[in-house]
Amino acid sequence: MTKEELLQTADLFLFDLDGTVYLGDTPIAGVPAALQTLRDMGKRVVFLTNNSSRTGKEYEARLAGMGLFGRGDAVYTSADATAEYLRAHHGGERVCVLATQAVRAQFAAAGVRLDDVSPDVCVLAYDTTLTFRKLKAFNEFLVRGAKYIATHPDDVCPTADISMPDVGSFIALFEKSSGRRPDVICGKPFTVMGECVARTFGVPAQRTCMVGDRMHTDIRFGNANGMRTLLVLSGETTRESMARFPDTPDLVLESLAHLVSDV
């Protein structure tokens, strides 16, 4: 697929964050202008992240501070997808959400009935305020049979220095302590998040493009959900490392800036 064909066939563009639109606290060269060109072309811009340690509003502020968030844009996180999944499949049930206070408040605002005493459902999000007391209580709920949902499967969260343990590492911990693995994982590369995105933004998968720098999350997510896929080589993946993965992107570019150059 050429970039011209991609631009003709996609109305909604989903962008991963670190490695795709910025590196650390710095926008990738040419990306702010490329995003504005897409907006001017009438494309919908949505920033899609697995990271459930922050709310969409917190991400909006960060992106705006880097000149990346524009009028009409949106942020959609794995926590948003999980809250929507809970409303659809576990409405009215009591839910323990292992998350930061801001993300817990987001679940409550979405109509999720929070309960840290006797929950029917346990949700494992990326809690960067984790304590042993929280771990112990969550483990006990799992052993007693609560339904088990994780926001996303990432093992580590990249940082400028040493990557931090992410939800995938917590999943491994609870598997050892409780013998349980999640009944459902909502974030990339799974289909729950894809279905939620289609409902939320009203654009069919075949008119949606997932743009990211990771083969095993971004490109696999797009392929699993019937979307167009654009791999950018501005982050984790190289042309050499692509060969280690079974997924194939529709288009590979050095960076997002190349998508609209000379178009």
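Just so it is clear, none of the values below were taken in a lab; they were calculated from the coordinates. Values in this document were obtained by computation on a predicted structure and should not be read as measured data. Here Cβ is always computed from backbone atoms with ideal geometry, including for glycine, and neighbour counts include all displayed protein chains.
Values computed for the structure shown
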item: Residues of segment 207-229 satisfying the condition of being buried (at least 24 other Cβ atoms within 10 Å of the Cβ) and hydroxyl-bearing (Ser, Thr, Tyr); result: THR208, THR229
item: Any hit, segment 114-122, residues being free of Cβ contacts under 8 Å to residues at least 60 places away in the same chain, under 19 Å from the mean Cα position of the chain (by Cα), within 20 Å of ASP183 (Cβ to Cβ) and not in a helix (DSSP H, G or I); result: no
item: One residue from ALA137, ALA150 being of a type in the set (Gly, Ala, Ser) and touching a Leu at 6+ places or on another chain (Cβ under 7 Å); result: ALA150
item: Residue match in segment 174-186 (condition: within 14 Å of the chain's Cα centre (by Cα) and under 30 Å from LYS147 (Cα atoms)); result: yes
item: Residue satisfying condition, being acidic (Asp, Glu), at negative phi and surrounded by 14 or more Cβ atoms within 10 Å (Cβ to Cβ), within set GLU195, GLU140; result: GLU195
item: Extreme residue, farthest from GLY70 (Cα to Cα), among residues of segment 1-47 that are without any contact (Cβ under 8 Å) to a residue 60 or more places away in the chain and acidic (Asp, Glu); result: GLU5
item: Some residue of segment 161-171 being among the aromatic types (Phe, Trp, Tyr) and within 23 Å of ARG39 (Cβ to Cβ); result: no
item: Residue that is surrounded by the fewest Cβ atoms within 10 Å (Cβ to Cβ) [pool: residues in segment 160-192 that are closer than 20 Å to PRO249 by Cβ and not small (Gly, Ala, Ser)]; result: THR191
item: Candidate set: segment 123-137, residues that are not in a helix (DSSP H, G or I) and not aromatic (Phe, Trp, Tyr); chosen: the one surrounded by the most Cβ atoms within 10 Å (Cβ to Cβ); result: VAL123
item: Residues of segment 239-263 satisfying the condition of being in a loop (DSSP other than H, G, I, E, B) and of a type in the set (A, V, I, L, M, F, W, C); result: PHE245, VAL260, VAL263
item: Where a residue in segment 245-263 is surrounded by 17 or more Cβ atoms within 10 Å (Cβ to Cβ) and its partner, wherever it lies, is in a loop (DSSP other than H, G, I, E, B) and of a type outside the set (Gly, Ala, Ser), with Cβ under 6 Å and at least six apart; result: ASP250/MET1; LEU251/MET1; SER255/ILE28
